[in-house]
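Enquirer: Handing you a structure now.
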Amino acid sequence: MANKSLRPLSEMEQSRFWEKVRKGKLNECWPWIGATTDKGYGYCYPHGAAGGRYRSHRIAFFIATGVDPGSFAATHSCDNRACANPAHVIPSTQTINLANMRAKGRDYQFLVKTGEDAPHAKLSDKEVAEIRRLAGTSDENGYWSERRLAARYRIAHSQIHRILRGQSRTAHQ
Ligand SMILES: [Zn+2]
């Protein structure tokens, strides 16, 4: 896999990339239908063969956020190596900080582009504020992990993750 940083993809390179992704809802896996490594990771050559080979979930996250998570820094929250849903990519803490800085005041591009009717759009502003307040605290029943919050508010774990990363929900409403 190429170790050098990704360059921004042109519109054409982006649409060629998404052609190999079976997009679903934000809380679903988006199967990569292009080539995969023997370990099961999707890969492609976003800038053509001479531009080097990159893992598809890395490219998906890069297109969605404008931040390159690096060659080995990103894992999948869904444990599905061939998944190219940027919302299922868990980048390193350093990458999250960078993405948050760049995302200030706007939503991640992929949320806008998919026009997703994400379940978390059903949350009220009050509930979102509650989630942000509870996260990381504890009560008599234990620690408010992302997983526990997801169960309490009946939304996908990845959506709790996004709310806590500070992305706005306005694109869904
Ligand atoms: Zn997935």
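We did not get these values from a lab; they are worked out from the coordinates using the rules stated. Values in this document were obtained by computation on a predicted structure and should not be read as measured data. All Cβ positions, even for glycine, are placed from backbone atoms using ideal geometry, and neighbour counts span all protein chains on display.
Enquirer: Counting other beta carbons within 10 Å of each residue's own, what order do His47, His88 fall into, fewest first?
Expert: Neighbour counts put them in this order, fewest first: His47, His88.
Enquirer: I'd like the Karplus ³J(HN,Hα) series for the stretch 21-35: coefficients 6.51, -1.76, 1.60, θ = phi - 60°, whole numbers in Hz, and an x wherever there's a Gly or Pro.
Expert: Those phi angles translate into 10, 8, 5, x, 6, 5, 8, 9, 6, 10, x, 7, 9, x, 5 Hz.
Enquirer: Mind checking the full-extension length gain between Glu19 and Arg53? Use 0.36 nm per residue of separation minus the Cα-Cα distance, one decimal, nm.
Expert: Taking Glu19 through Arg53 to full extension adds about 10.5 nm, to one decimal.
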